[in-house]
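Written out below as C-alpha cells is the structure these notes cover.
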Ligand SMILES: Cc1ncc(COP(=O)(O)O)c(C=O)c1O
C-alpha cells in the first residue's frame with residue numbers, strides 16, 4: 001500500500017462494478033482479506049498484511065508465479081524502448097518473432113498467429129475465421145457452430161452463444177448467434193466420480209456430434225468448439241478417446257475443430273498445449289492467460305496453414321481479414337510473452353506441471369471421504385473438489401469454503417459448489433501439502 005492508497009477500512013467500494021462477483025454481498029461484508037495489494041511468487045498480500053497462497057494462479061493465468069524477475073525486467077525494458085506500436089499496417093519485429101515462437105510450439109501445421117487481448121476476443125476471432133474460411137472456399141452455407149454444454153468461451157456474443165453455462169447465457173438469449181447447437185457435457189458423477197486423470201467412461205458422448213450433423217446436415221456446420229479440459233466450469237477432464245472421436249467426426253464432415261486453450265495452453269496440461277497433452281490436433285487454437293503469465297492482457301488464435309492460405313487470395317494490396325484490435329500484439333504484452341516463453345522452455349515448465357500434478361493428485365484424492373465431498377478430479381496442474389450443495393442453496397457451501405480458506409491463508413476459486421485448484425508451477429512440495437491440509441480443514445469447517 002502506498003501513501004496515496006486510501007485506507008481499506010474507509011475505501012469507497014461502491015463505484016467499482018466488479019465482474020463475475022456478488023457485488024452487494026462483497027460491499028456489505030467489506031471483506032478486507034479480499035482486497036489484494038501485492039503479489040510475489042506463489043502468494044498474494046492482502047490489505048491486512050496477510051499472505052494468501054495463490055491456489056488458482058490468479059485466474060489460471062500466472063502459472064509461473066508472480067513477478068518473476070525475468071518477466072518484470074522484460075516489461076520494464078520494453079517501456080524504455082517503446083510503449084505502443086499501431087497494430088494495423090505496421091508491427092514490431094518482436095511481434096513477428098513472437099508469432100513464430102508460438103507457432104513453433106503449436107501442434108501440427110498450426111503455424112499462423114492472430115493476436116487479441118483476451119480469451120473472449122480470441123474465441124470471437126476464431127469463430128469469425130471459421131465462418132470466413134468456409135465462405136472463401138465457396139461453402140458459405142456452413143454457418144452453424146457447435147459448442148458444448150457447460151463450456152466456457154468467454155463473454156463476447158460469440159463466446160456465450162457457443163458456451164454452455166446457463167447463467168452466462170439466459171439474460172442475453174435474444175442477441176445470441178443463430179443456429180448454434182451443443183454437444184452434451186461429459187461429466188457424469190455416477191459413472192466417473194473420483195476418477196484419477198482421464199475418466200474411462202464417456203468417449204461415446206462424442207458420437208452425439210454425428211447425431212447433430214445428421215440433424216442439421218454437415219453443409220450447414222462451420223466448426224465445433226470445445227475446451228480440451230473444461231476449466232471454468234470446474235475442471236472437467238475429457239474421457240479417454242473422446243477428443244479423438246470429435247476430431248475424426250469433424251474431419252469426416254469437413255467441419256473445423258477449434259480447441260479453446262485459454263486455460264490449457266502454455267504448460268498447465270503437462271505439454272505446451274492441451275492438444276499435445278491429449279494427442280489431438282485441432283484446426284484452430286485459441287489462447288490467452290498463460291501466454292505471458294497474465295502480466296499484460298493478451299490472447300490470440302493459432303490457425304492451420306490451409307486456413308491461413310484460404311484467406312490469402314484476391315489482389316495482394318487488399319486487406320484479407322477485416323478484423324483486429326487496437327491493442328493486438330501490444331508492445332508490453334509481447335515483451336512479457338517473450339520472457340514467458342523463455343522461462344517455459346529454460347525451466348522445463350510443462351514437465352514440471354506434470355510432476356506437480358502427481359503431488360496434487362495424491363493430495364486432493366486424499367480428501368475423498370471428507371464431509372460433503374462428492375467428486376474429485378485432476379489432470380496435470382489442475383484439480384477440483386466438488387461438494388454436495390446445501391439444500392435449496394446451490395453455491396453457498398462453496399462460498400463458505402472460499403471464505404473459510406481465506407482466513408486460513410488460501411485463495412481458491414469456486415464455480416457452483418466446485419472448488420478449482422491450479423497452483424503455480426513453482427509451488428513446493430510443502431506448499432502443496434499445506435494447500436491440501438487447508439482444504440481439508442476448510443471442508444470440515446463448513447460441513
Ligand atoms: C476456455 C476459456 N475461454 C475463454 C475465456 C475468456 O477469457 P477472458 O476472460 O480473457 O476473456 C476463458 C476465461 O477463463 C476460458 O477459460
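The values are calculated or read from the model by the stated rules, or taken from the named source; none is laboratory data. These numbers were taken from a predicted model, which means no experiment stands behind them. Don't worry about glycine lacking a Cβ; one is built from the backbone with ideal geometry, like all the others, and counts go over all protein chains shown.
Yes or no, residue by residue, for (1) buried (at least 23 other Cβ atoms within 10 Å of the Cβ); (2) away from the ligand (no atom under 16 Å from the Cβ):
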site: 85; (1), (2): no, yes
site: 103; (1), (2): no, yes
site: 110; (1), (2): yes, yes
site: 126; (1), (2): yes, no
site: 145; (1), (2): yes, no
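Here is a list: 228, 238, 199, 184. Which entry is assigned by TED's automatic domain parsing to the domain that holds residue 166, more than 16 Å from the ligand (Cβ to nearest atom) and surrounded by 22 or more Cβ atoms within 10 Å (Cβ to Cβ)?
Within the list 228, 238, 199, 184, the selection yields 199.
Is it fair to say residue 245 is in a helix (DSSP H, G or I) and either within 22 Å of residue 99 (Cα to Cα) or touching a residue at least 40 places away in the same chain (Cβ under 8 Å) (or both)?
yes
Output the residues belonging to segment 256-283 that are under 26 Å from residue 134 (Cβ atoms), within 13 Å of the ligand (Cβ to nearest atom) and out of contact with any strand residue (DSSP E or B) (no Cβ under 7 Å at 6 or more places or on another chain).
Within segment 256-283, 264 is the sole residue that qualifies.
If I ask for residues that are assigned to a loop (DSSP other than H, G, I, E, B), out of contact with any helix residue (DSSP H, G or I) (no Cβ under 8 Å at 6 or more places or on another chain) and more than 16 Å from the ligand (Cβ to nearest atom), which ones from segment 48-64 would you list?
49
Kindly establish whether residue 206 is assigned to a helix (DSSP H, G or I), outside the structural domain of residue 420 (by TED's automatic domain parsing) and buried (at least 22 other Cβ atoms within 10 Å of the Cβ).
yes
When you scan segment 45-54, do you find a residue that is more than 27 Å from the chain's Cα centre (by Cα), touching a residue at least 60 places away in the same chain (Cβ under 8 Å) and surrounded by 11 or more Cβ atoms within 10 Å (Cβ to Cβ), even just one?
Yes; the residues of segment 45-54 include at least one that is more than 27 Å from the chain's Cα centre (by Cα), touching a residue at least 60 places away in the same chain (Cβ under 8 Å) and surrounded by 11 or more Cβ atoms within 10 Å (Cβ to Cβ).
Answer with yes or no whether residue 215 is assigned by TED's automatic domain parsing to the domain that holds residue 151, in contact with a strand residue (DSSP E or B) (Cβ under 8 Å, 6 or more places away or on another chain), outside any loop (DSSP other than H, G, I, E, B) and more than 18 Å from residue 385 (Cα to Cα).
Yes.
Select from segment 293-310 the residues that are away from the ligand (no atom under 16 Å from the Cβ) and in contact (Cβ under 8 Å) with a residue 40 or more places away in the chain and write down the one among them that is surrounded by the most Cβ atoms within 10 Å (Cβ to Cβ).
Here the answer is 303.
Can you pull out the residues in segment 128-143 that are surrounded by fewer than 16 Cβ atoms within 10 Å (Cβ to Cβ) and out of contact with any helix residue (DSSP H, G or I) (no Cβ under 8 Å at 6 or more places or on another chain)?
Of everything in segment 128-143, those that are surrounded by fewer than 16 Cβ atoms within 10 Å (Cβ to Cβ) and out of contact with any helix residue (DSSP H, G or I) (no Cβ under 8 Å at 6 or more places or on another chain) turn out to be 135, 138.
Here are some residues: 286, 313, 251. Which one is within 16 Å of the ligand (Cβ to nearest atom) and modelled with pLDDT of 95 or more?
Criteria check complete, one pass: 286.
Which of the residues spanning segment 63-74 are on the phi < 0 side of the Ramachandran plot and touching a strand residue (DSSP E or B) at 6+ places or on another chain (Cβ under 7 Å)?
Passing the criteria: only 66.
Could you pull out every one of the strands (runs of 3 or more DSSP E) wholly within segment 379-447 that has 2 or more residues that are within 20 Å of residue 34 (Cβ to Cβ)?
Correct list: 413-415, 418-421.
Only residues that are near the ligand (Cβ under 8 Å from one of its atoms) and free of Cβ contacts under 8 Å to residues at least 60 places away in the same chain: list them for segment 150-168, please.
Within segment 150-168, 155, 156, 159 qualify.
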